[in-house]
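Step one of this worksheet: look at the structure below.
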Amino acid sequence: MVVSEQNYLERSEFTVGIDPFQEARRKGAVRWIISHILHGSNKYLLLLSFTGSILSSILNSEMMVLIGDAIDAFIMNDASKLLHYTFSILLIAIGMPLLNLMSNFLREIVAQRVERDARYEFYTNLLGKSQSFHDLQRIGDIMARTTNDVRMLNFLVSPSISLIFQAFLQLFVPIIFIAIYYPRDLLLTPLLFVIFFLITLRGYIKKLGPVTIELRKQFGLMNAALNESLTGIEVVKGSSQEESELKKYYRYAKNYCDAYVEQGKIQGKYVPLLLVSLVLTFGLAHAIFLYLQRLMQIGQIIGYVGLLGTLRFPTFISIWAFSTVRLAVAGAERLLEIMNKKTEIDENPKGVKKKIEGAVKFENVSFAYPGSSKLVLKNINFEVKPGQTVAIVGTTGSGKTTLVKLISRLYDVTSGRILIDGIDIRKYDLKCLREQISYIEQDIFLFSTTIYENITFGKPSSLEEVIEVAKEAQAHEFISKLPNGYFTVIGERGVTLSGGERQRIAIARALLTNPRILILDDSTSAIDSETEDKIQKAIFKARKGRTTFIITHRLSQIRWADLILVMKRGEIVAKGTHEELLKTCEEYRKIFAERFGEEFSKSVSIGES
């Protein structure tokens, strides 16, 4: 994948090529929206669409004039002119809908493209964000931005921008026709209206700005509250907190409703709606006055009033169209708020790409989560040779999980460095590095799809290969008993499976990628004793030939380790083998004495004797 240097002015963990909207994102929501609307062939489609709208508006005004002329021809009993005008009106009545159809079709293509490209850009940007960014986000709010805010860009193009364009055409084209075909005195009423309309419209748009921003914000908060309640429904029900959650959601829904009501109040005070009727009244009175002076005919009065009537379209449509524009701009600002946040980790596609052996070395590593000054890890130093197994033990909150996450650059170190095969991991191509590291987390995540697709998530493989690793992970037996075997669809996050079954599928998924470094974060915690024995055999076999990190308190797994790290409050307080630490490390003995009580103490005393 070839990517220009300019594209990496903004750091990202993942990109899919040149980003044509990167500069526009930095220049604000309006410039970003325009860049999407005019991207590629969109501008030519819009040009054709607007050309159709211009012709349609001209034909509409021409029809009003012809209707007036036809009435005058009828009054004067001029059959030839009446036939000519009637035929012309018929042609216009056929041509206008065809032009509108073409215009609407082209603008809809552009609208769908804008929504597609913006959603793709936003999702790609999210995938490129670092883990520290996602740790701080509310999923419901992100979902609201991905769906509703992006959808508003579609409505912005079709129909809002097109309707606004047509509205301004309907505002000025009829005035031009009045100046051409009727006495110039009749321009006074529509010109005064246009001036007042534009001044009022400016104030209307200004008032809408803060309300639409609040509207999009409250929608995101409401969606986030809903997502959190449903995601944690077991906790809600288990704690009998349904009423509390209902009140919380109602509060967000009320705030969203209040924002909409405030928008309605602004729209309700839109003065041009009242004036358009006055324009028609004064315009008609003015035309009748000229008629009495024999400066106009009856048909001309009807044509003139028909042209004035077209002013109703921009007046009524501006209420909805401009509020949609403001909502779209507010939505775009919310999207850019996320996309313009810098990530701490870059993809580094020009970095080292090679098969790693698995030698790992921590040199004076300290780490604090982004945005925090509190060090979670302090001055970590140890070295592991390829193929060795490292067990990491310590009390809750001692930094065990954070330490192993640094190996695959889910986070970057605050100070010091981590070396793999003697090379700083920041110098590796990120994709190449992570493809050779498998991490089986404590809280297993499975996708709401088939077991086969879950296991092959990291590496597309044949069913035979999947069955082989499933047997190694002791998962084949229970999978075979499911209704559709490996093609059984599991619920979201694998809720239809037990904890032990989920963990065995995760182990199979990790083994399939044949990683050079394998990380198991307390991955057998939810497995019964009988299943644990089987899985431990699988892990014992899987760790051969690869560097393995195990976070565990199970003695049976710790005894395998070539090196044991004892952690306390973010520091390594001791390291060595199981036998060495039993003799030399009080903290190590304390951890297991608290966990296994007298049985462990007796085993220690027997071992020492």
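Bear in mind that the values in this text are calculations on the coordinates, not laboratory data. Predicted model only: the values in this text are computed from it and were never measured. Ideal geometry is used to build each Cβ from the backbone, glycine not excepted, and the neighbour counts take in all protein chains shown.
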Checklist entry - In nm², what is the average projected area of the convex hull enclosing the Cα atoms of the range 223-315? => result 8.8 nm²
Next on the checklist: Can you compute the radius of gyration and Dmax for the range 294-395, using only the Cα atoms, both in Å?
Outcome noted: 34.2, 106
Checklist entry - What is the Cα coordinate range of the range 147-223 on the first, second and third principal axes, sorted by size from largest, in whole angstrom? => result 58, 23, 10
Checklist entry - Using a cut-off of 24 Å between alpha-carbon atoms, which lysines can reach Lys355, once sequence neighbours fewer than 8 places away in the same chain are excluded? => result Lys385, Lys405, Lys427, Lys431, Lys459, Lys541, Lys544
Checklist entry - Pairing the Cα long axis of helix 499-512 with the longest principal axis of the chain, what angle in degrees results, from 0 to 90 and rounded to the nearest 10? => result 90 degrees
Checklist outcome for this item: Rounded to two decimals, the Rg over Rh value of the range 31-144 from Cα coordinates and the Kirkwood Rh reads 1.36
Checklist outcome for this item: If N is the residue count of the range 248-289, its Cα Rg over 2.2 N^0.38 Å rounds to 2.12
Next on the checklist: Straight-line reach only, C-alpha to C-alpha below 18 angstrom: list the aspartates and glutamates that Lys400 could link to, leaving out same-chain residues fewer than 8 apart.
Outcome noted: Asp135, Glu363, Glu383, Asp412, Glu441, Asp443, Asp521, Asp522, Asp562, Glu571, Glu587
Checklist entry - Viscosity 0.890 mPa s, temperature 25 °C: Stokes-Einstein D of the range 366-425 from its Kirkwood Cα radius, in µm² per second? => result 195 µm²/s
Item to check | Inter-part distance where the range 90-106 and the range 140-160 are each reduced to a Cα centre, Å | outcome: 29 Å
Checklist outcome for this item: Helix 242-268: inclination vs the chain longest Cα principal axis, degrees, rounded to 10, gives 30 degrees
Next on the checklist: To make sure I understand the rule: partners must be lysines, Cα under 24 Å from the Cα of Lys265, and not fewer than 8 residues away in the same chain. Which ones qualify?
Outcome noted: Lys206, Lys207, Lys217, Lys254
Next on the checklist: Could you give me D for the range 91-190, from Stokes-Einstein at 37 °C and 0.692 mPa s, where the hydrodynamic radius is the Kirkwood radius over C-alpha pairs? Units µm² s⁻¹, please.
Outcome noted: 190 µm²/s
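In the chain, how does Rg compare with the Kirkwood Rh, expressed as the Rg/Rh ratio over alpha carbon atoms?
With Rg and the Kirkwood Rh in hand, the quotient comes to 1.17.
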Item to check | C-alpha long axis of helix 298-309 to longest principal axis of the chain, angle in ° | outcome: 20 degrees
Next on the checklist: Between the range 429-465 and the range 337-373, how far is it from one alpha carbon centroid to the other, in angstrom?
Outcome noted: 21 Å
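Please state the equivalent ellipsoid semi-axes for the range 464-526: what are the square roots of 5 times the Cα gyration tensor eigenvalues, largest first, in whole Å?
Working: eigenvalues 73, 46, 19 Å².
Calculated on Cα positions only, the semi-axes equal 19, 15, 10 Å.
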Item to check | Charge dipole (debye, nearest 20) of the range 337-449; +1 at Cβ of Lys and Arg, -1 at Cβ of Asp and Glu | outcome: 200 debye
Item to check | Spherically averaged projected area of the range 18-339 from its Cα convex hull (nm²) | outcome: 20.6 nm²
